[in-house]
Amino acid sequence: MITTPDLIESLVANAAPVRRLRPPVARAVGWLLFAALILTLLAVSHDVRPDLALRLRQPEFVTGIAASLATGVLAAIASFLLSTPDRSRAWLLLPVPALFVWVSTIGYGCLINWVSLQPGSLPLGDEAGCFALLVLTGVPLSLAMLIMLRHAALLAPTRVAISGGLAVAAVTATALSIFHEHDASAIILIWNFGIAVLLVALGGAFGRRMFSWAAPH
Amino acid sequence: MYMARAQAGDRDAYRRLLEDVTPYLRSIAARHFRNSGDIEDTVQEVLLTVHAVRHTYDPARPFGPWLVAIANRRVVDALRRQGRSRAREVALEAGHETFAAPQANLAEAASDGRVLRDAVEQLPSGQRDAIRMLKLQEMSLKEAAAVSGMTVAALKVAAHRALKTLRKVLGTQNRKA
């Protein structure tokens with residue numbers, strides 16, 4: 001075993017100048033700009049849902065989309081704040097109010113529309129397109145988040161992964177609502193909320209491992 | 001502050017910083033570990049982490065909480081590791097050591113045997129030979145007589161006296177113990 005003074009000497013010998021991280025909020029804005037870029041690219045390649053203009057006039061839909069977007073933004077900010085060693089872990093709660101509103105709108109829509117959902121009315125053909133959209137948004141956003149927060153591997157990987165997963169899931173859900181037409185709220189619930197739960201759970205379970213994979217060795 | 005200069009690559013400032021914080025880190029670790037090896041391991045883990053994430057320090061914010069947060073992370077990790085290894089492993093102590101040969105596991109019997117051997121060693125030579133041949137080597141009276149040149153009667157007497165002496169010696173030892 002190396003003695004502590006020797007360790008200090010070897011660390012000093014390796015003390016190359018480092019570039020300081022920008023403030024967490026600025027970095028979160030960077031990630032959100034990247035997310036906006038991806039959504040713009042999707043809007044150019046994929047058409048937005050045909051009834052978007054109509055839906056945007058419905059307060060329910062607007063509330064839902066605003067809440068999911070807010071959840072994404074707040075969760076992203078929380079992730080970057082949590083990734084620094086000295087910020088309070090209470091930042092994990094930052095996206096909770098928006099998340100609550102988002103989940104409530106999904107639940108409310110579900111409650112209202114559940115009755116109208118009949119067997120055979122589920123648009124099963126859409127699922128592949130839906131899944132492709134999900135991967136196209138989710139994967140680059142997750143990778144960007146993982147690389148930008150790789151230093152969190154040594155600090156609070158699980159906490160950061162949970163809020164990062166929520167940020168990615170919320171942005172992806174926003175994309176789904178803009179690009180994908182689902183009349184049945186049950187499907188929205190399954191896709192949006194299911195994905196959110198899945199990503200957050202994956203973040204919680206494998207966050208430590210994912211970050212140590214992305215971390216500099 | 002030293003950390004800001006260390007981030008810029010100032011090695012002297014970095015060395016001073018690390019040397020200054022080491023006793024403090026040791027006192028944090030000592031709150032959770034008793035074993036000095038564990039304390040030193042934790043201190044070194046903290047120093048390595050500080051080195052790896054030194055770019056996350058923002059000079060506009062105080063250094064203390066940044067350092068303490070990192071130290072607490074490593075302490076928690078070390079405690080978890082310790083908990084895991086305690087749950088699955090048992091530290092090998094002298095009491096747990098065991099060997100294939102049965103006599104190695106009978107420490108008490110071995111020490112009793114030594115006392116007996118010492119007692120036999122202290123007997124007068126005639127009695128000692130009689131005891132060795134008749135009891136330890138399990139010779140018959142005739143064989144022992146042939147080997148030692150003593151008569152059978154003399155051997156019997158010697159063996160009897162030897163047992164009596166041993167009984168007395170070991171008896172007094174036991175009482176002393």
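The values are calculated or read from the model by the stated rules, or taken from the named source; none is laboratory data. The shown structure was predicted, so the numbers you read here are calculated from the model rather than taken from an experiment. Positions of Cβ are backbone-derived with ideal geometry, glycine not excepted, and every protein chain shown enters the neighbour counts.
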Problem set entry | Neighbours by Cβ (under 6 Å, 6+ apart or cross-chain): first from region A:133-148, assigned to a helix (DSSP H, G or I); second of a type outside the set (A, V, I, L, M) and surrounded by fewer than 18 Cβ atoms within 10 Å (Cβ to Cβ) | A:Ala144/A:Phe34
Exercise. Of the residues that make up region B:59-73, is at least one assigned to a helix (DSSP H, G or I), of a type in the set (D, E, K, R), modelled with pLDDT of 85 or more and within 35 Å of the chain's Cα centre (by Cα)?
Worked result: yes
For this session: Considering each residue of region B:60-75, count those that are in contact with a Ser or Thr (Cβ under 9 Å, 6 or more places away or on another chain) and more than 8 Å from chain A (Cβ to nearest Cβ), and give that number.
Result: 3
Exercise. Any residue at all in region B:45-57 that is in a helix (DSSP H, G or I), more than 10 Å from chain A (Cβ to nearest Cβ) and either modelled with pLDDT of 90 or more or touching a helix residue (DSSP H, G or I) at 6+ places or on another chain (Cβ under 6 Å) (or both)?
Worked result: yes
For this session: Please determine, by comparing only the residues of region B:7-37 that are at pLDDT below 85 and not hydrophobic (A, V, I, L, M, F, W, C), which one is surrounded by the most Cβ atoms within 10 Å (Cβ to Cβ).
Result: B:Gln7
Problem set entry | Top-ranked residue of region B:1-37 - restricted to ones that are under 33 Å from the mean Cα position of the chain (by Cα) and closer than 20 Å to A:Leu155 by Cα, ranked as nearest to the other protein chains (Cβ to nearest Cβ) | B:Thr22
For this session: Scan A:Ser45, A:Ser88, A:Ser104, A:Ser10 and give me the residue that is within 14 Å of chain B (Cβ to nearest Cβ), hydroxyl-bearing (Ser, Thr, Tyr) and within 23 Å of A:Val168 (Cα to Cα).
Result: A:Ser88
Seminar exercise, completed: Checked region A:48-69 for anything surrounded by fewer than 22 Cβ atoms within 10 Å (Cβ to Cβ) and either without any contact (Cβ under 8 Å) to a residue 40 or more places away in the chain or polar (S, T, N, Q) (or both); matches are A:Ala53, A:Leu54, A:Arg55, A:Leu56, A:Arg57, A:Gln58, A:Pro59, A:Val62, A:Thr63, A:Ala66
